[in-house]
Each structure stands twice: as structure tokens, then as C-alpha cells.
1. In this structure, is GLU157 of a type outside the set (Gly, Ala, Ser), farther than 22 Å from ASP58 by Cα and surrounded by fewer than 16 Cβ atoms within 10 Å (Cβ to Cβ)?
2. Of the residues ILE150, ILE115, ILE132, which single one is closer than 30 Å to GLU40 by Cβ, part of a strand (DSSP E or B) and in contact with a helix residue (DSSP H, G or I) (Cβ under 7 Å, 6 or more places away or on another chain)?
3. Given the conditions (1) surrounded by 14 or more Cβ atoms within 10 Å (Cβ to Cβ); (2) over 18 Å from the mean Cα position of the chain (by Cα), which single one is not true for ILE48?
4. Which condition breaks for VAL142 when tested against (1) open to solvent by 10 Å² or more (accessible area, probe 1.4 Å); (2) at pLDDT 95 or above; (3) under 23 Å from ARG39 (Cβ atoms); (4) not charged (D, E, K, R)?
5. Counting only residues that are in contact (Cβ under 8 Å) with a residue 12 or more places away in the chain, under 16 Å from PRO170 (Cβ atoms) and surrounded by 15 or more Cβ atoms within 10 Å (Cβ to Cβ), how many does segment 184-196 have?
6. Just for segment 58-88: of the residues that are closer than 18 Å to ILE115 by Cβ and among the small types (Gly, Ala, Ser), which one is surrounded by the fewest Cβ atoms within 10 Å (Cβ to Cβ)?
7. Let me confirm something: among SER99, SER105, which residue is farther than 21 Å from SER172 by Cα, part of a loop (DSSP other than H, G, I, E, B), open to solvent by less than 40 Å² (accessible area, probe 1.4 Å) and among the small types (Gly, Ala, Ser)?
8. Test ILE150 against the stated conditions and say whether it is open to solvent by less than 50 Å² (accessible area, probe 1.4 Å) and closer than 22 Å to ASP53 by Cα.
Amino acid sequence: EYGWLDQVVVATQSMKEQIARGGYPACRLRVMGSARFCREWTDIYRLILPPQDVPAADGCLKILYMDHDKSYRLNTNEIVETFRDLAASEWATVIIKKSTRTPLSDERLSDFATIDTDTSSVHLISWADVVISTISSIMLEVINQRKIFIYPTGFTENEMLFERYGACWPVSSREQLLDTLASIHQGTYELPYSDTNVEAFQTEVVYGGNP
């Protein structure tokens, strides 16, 4: 079906292997990384991005959740109940960023949480102390900005490459997530992943395996 293509560009070696297992000739697959999140482009993008206002947090922990469509095997009940608990806390300010092209994972989130559909993700990530994400590629911007990146494994049924590389803070339950966020707010936490792991992940995903 795709025999008319001379070459197909993919971001990572693992993506190349996956497509080749589906029958496409590996010799026609070229790994080139992700131009969207490379240093050269992100530096330019931040210069041309118009400024936008973000809310004050008044000493609270600023938490950003990058939401996505539930069709990506998300456990929406767990997501809703987690952010319901956070909305009731006195020490957290939470913004949920809706994915640009998809609906909220669960409309119940809008009953008690601030849903942002207009502010640039780059500005929101800059605002945040902590970013929570599961499936969105925007987590590469989180990593670029060296924000604390928490990955709640209970939010999704997927296995993610950033977890395999140890480039995030995985939490396996709602209680662990809330305790982790509280420790960050109190300043008593230790980051469980290293710059070395983050850089190895960036090399693989953003730069196509070329440091």
C-alpha cells in the first residue's frame, strides 16, 4: 500500500522497529528525531510566542495536568477522583490543560477544576512547579524546561518510553501521588530520576539517538 514511498521519517529507533514489524521495509525507514522539541527550534519558538497571563498561586503548589482523550486507554475514574481530591486541598492550585484536538478525558473534571483551553502549553509549563502527564508528546517540553514530571501509572494502561528510561517520577496510586505532591509543596522531597536519564531519553526521542 505504501510502496510508492521512497523513505518514511520516524522519530525513534523503537518506532522504526515497530513499523518494520508491521511489514514496511526497514531500509526505507529513517530515524531523525523530533524537530518540534529540538533546542534550535524551542529557543526560537519561545522568542516568537506572544506573552499570556497565567493565574497567581498565592504560595500554593502550582500543578499542571496535561489531559488527553480517553480513547488512549486512560482510566478516567481514577483521574477524576484524584483531581477532585486535589481541588479540595488548601495547598494546591491545579490547571488542567485540555488537549488541542480532543475532548476532555472526562467532562466531570470541569465540575471542580480549572480547565484551560487558550493558554499556550509552553507558558503553562513555565508557570507550573509540577507537571502531570500520561500520553501527550508535550511532556518533551516539560523535560526541556526541567520541570518536575510526575507520571501516574494508574491513569493509563499504556507503557511509556519515558518511564522505561527512568526520565519521570512514576507513582502507582492516588495516595502516593497526593503524598508526593505534598512533599514537593513542603520541600521535603528528593527527585527520584536523574539528569543522566533525562538526557538519554532526549537523545533517543528528540535527536534520533544522536547525542
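The values are calculated or read from the model by the stated rules, or taken from the named source; none is laboratory data. Source: prediction; values computed, not measured. Ideal geometry is used to build each Cβ from the backbone, glycine not excepted, and the neighbour counts take in all protein chains shown. Surface areas here come from the heavy atoms of the whole protein model, side chains and all, with no ligands, DNA or RNA. Shrake-Rupley method; radii C 1.70, N 1.55, O 1.52, S 1.80 Å.
1. yes
2. Numbers: ILE115 fails: closer than 30 Å to GLU40 by Cβ; ILE132 fails: in contact with a helix residue (DSSP H, G or I) (Cβ under 7 Å, 6 or more places away or on another chain).
None of the other options fit; the residue is ILE150.
3. If we test ILE48 against (1) surrounded by 14 or more Cβ atoms within 10 Å (Cβ to Cβ); (2) over 18 Å from the mean Cα position of the chain (by Cα), just (1) comes out false.
4. Answer for VAL142: the failing condition is (1).
5. Number of matching residues: 2.
6. ALA88
7. SER99
8. The answer is no for ILE150.
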